[in-house]
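Enquirer: Can you keep this structure in mind? I'll have questions shortly.
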Amino acid sequence: MENRPRKDAMGSFITFEGIEGSGKTTQIRKAADFLTRRGIPFLLTEEPGGTALGHILRKILLDKTTLRIGDRAELLLFAAARAQHVEEKIRPALKAGRVVLCDRFSDATVAYQGFGRRLELESIRWLNRFCTASLRPDWTFLFDIPAEKGLERVQERSRVSGAAASETDRFEGEDTAFHRRIREGYLKIAGEEPDRFHLFNGTLPIEAIHDHVSKTLTEILHL
């Protein structure tokens, strides 16, 4: 059975998606602060991650190492992390009536491994249904930005932090064409499910985007 949007703030599943440098992580943290001020119980989590197993797999998947990971192996590692995440953290939080804010979920796999890596979309969608036991987000906030702009932000962030180019994660280090495909993938997914997706212009100032996100949260959660 599909996970339909709920009519109240409790037990709602909201995912934040976007390409590298889109600003989604900044916005999900600000959204968490917004819910805190409103007294709404929530879980803030991320993928890959969210569990002990997820954090181990996150390090394997994102860190640049000499370890070679094939595209299909990469897909399966993300699926394993998600299966544990759903079982251990996300479903219990929803059952307890909490809002779940998740930084990336199954749409990321379709966009990155499907459109980016060019693996079979139907196989990925089947795997997503399997590893989540058919759990789908109630709403997805997509932060859209041109690939070139997103990568510029990643490079600037690395410069400010003093990180070497070799310290960027495996996905940030991919070429621009890869990130363009991911952006196109996200926009295609959003176009197929307009009732679930809320599209935000990631090139706007941070506070302007947060204001839009806050208004959207107020509307969909009936705050």
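The values are calculated or read from the model by the stated rules, or taken from the named source; none is laboratory data. Note that this is a predicted model, so its numbers are computed, not measured. A quick note on method: Cβ atoms are made from the backbone with ideal geometry, for glycine too, and the neighbour counts reach across all protein chains shown. Please note that ligands, DNA and RNA were not included when accessible areas were found on the heavy atoms of the full protein model with its side chains. Shrake-Rupley method; radii C 1.70, N 1.55, O 1.52, S 1.80 Å.
Enquirer: From the list Arg129, Arg170, Arg118, pick out the single residue that is open to solvent by less than 70 Å² (accessible area, probe 1.4 Å) and among the basic types (Lys, Arg).
Expert: The conditions single out Arg170.
Enquirer: Please work out if Ala190 is more than 25 Å from Lys30 (Cα to Cα), open to solvent by less than 60 Å² (accessible area, probe 1.4 Å) and part of a helix (DSSP H, G or I).
Expert: No, not satisfied.
Enquirer: Looking only at residues in region 37-85 that are among the hydrophobic types (A, V, I, L, M, F, W, C) and not in a helix (DSSP H, G or I), which one is most open to solvent (accessible area, probe 1.4 Å)? Can you show your working first?
Expert: So the first thing to find is which residues in region 37-85 are among the hydrophobic types (A, V, I, L, M, F, W, C), and the list is 40, 42-44, 52-53, 56-57, 60-62, 67, 69, 73, 75-81, 83.
Next, from what is left, pick out any that are not in a helix (DSSP H, G or I): 40, 42-44, 67, 69.
Details: Ile40: 24, Phe42: 47, Leu43: 28, Leu44: 79, Leu67: 102, Ile69: 25 Å².
Taking the candidates together, the pick is Leu67.
Enquirer: Does Thr109 satisfy the condition of being within 21 Å of Pro48 (Cβ to Cβ), touching a residue at least 24 places away in the same chain (Cβ under 8 Å) and of a type in the set (S, T, N, Q)?
Expert: yes
Enquirer: Looking at Arg153, is it of a type outside the set (Ser, Thr, Tyr), under 14 Å from Lys188 (Cβ atoms), open to solvent by 20 Å² or more (accessible area, probe 1.4 Å) and outside any loop (DSSP other than H, G, I, E, B)?
Expert: No, not satisfied.
Enquirer: If you don't mind, there's one more thing I want to ask. Can you tell me how many residues within region 33-61 are under 17 Å from Phe105 (Cα atoms) and either among the aromatic types (Phe, Trp, Tyr) or in contact with a Phe, Trp or Tyr (Cβ under 7 Å, 6 or more places away or on another chain) (or both)?
Expert: Selection size over region 33-61: 4.
Enquirer: Tally the residues that are of a type in the set (A, V, I, L, M) and either surrounded by fewer than 23 Cβ atoms within 10 Å (Cβ to Cβ) or at pLDDT below 95 (or both), restricting the search to region 87-99.
Expert: 3
Enquirer: Would region 17-33 turn up any residue that is open to solvent by 30 Å² or more (accessible area, probe 1.4 Å) and over 17 Å from the mean Cα position of the chain (by Cα)?
Expert: Our first condition is that a residue be open to solvent by 30 Å² or more (accessible area, probe 1.4 Å); within region 17-33, this holds for 25-26, 29-30, 33.
Now narrow it down to the ones that are over 17 Å from the mean Cα position of the chain (by Cα): 33.
Among the residues of region 17-33, at least one is open to solvent by 30 Å² or more (accessible area, probe 1.4 Å) and over 17 Å from the mean Cα position of the chain (by Cα), which makes the answer yes.
Enquirer: Here is a follow-up. Restricting attention to region 194-213, which residues are crowded, with 19+ Cβ neighbours inside 10 Å and in a helix (DSSP H, G or I)?
Expert: Of everything in region 194-213, those that are crowded, with 19+ Cβ neighbours inside 10 Å and in a helix (DSSP H, G or I) turn out to be Ile209, His210, Val213.
Enquirer: His179 - would you say it is open to solvent by 70 Å² or more (accessible area, probe 1.4 Å), assigned to a helix (DSSP H, G or I) and at pLDDT 95 or above?
Expert: Against the criterion (open to solvent by 70 Å² or more (accessible area, probe 1.4 Å), assigned to a helix (DSSP H, G or I) and at pLDDT 95 or above), His179 does not qualify.
Enquirer: What's the number of the condition Thr140 fails, among (1) outside any helix (DSSP H, G or I); (2) closer than 30 Å to Lys59 by Cβ; (3) open to solvent by 40 Å² or more (accessible area, probe 1.4 Å)?
Expert: Of the numbered conditions (1) outside any helix (DSSP H, G or I); (2) closer than 30 Å to Lys59 by Cβ; (3) open to solvent by 40 Å² or more (accessible area, probe 1.4 Å), the odd one out for Thr140 is (3).
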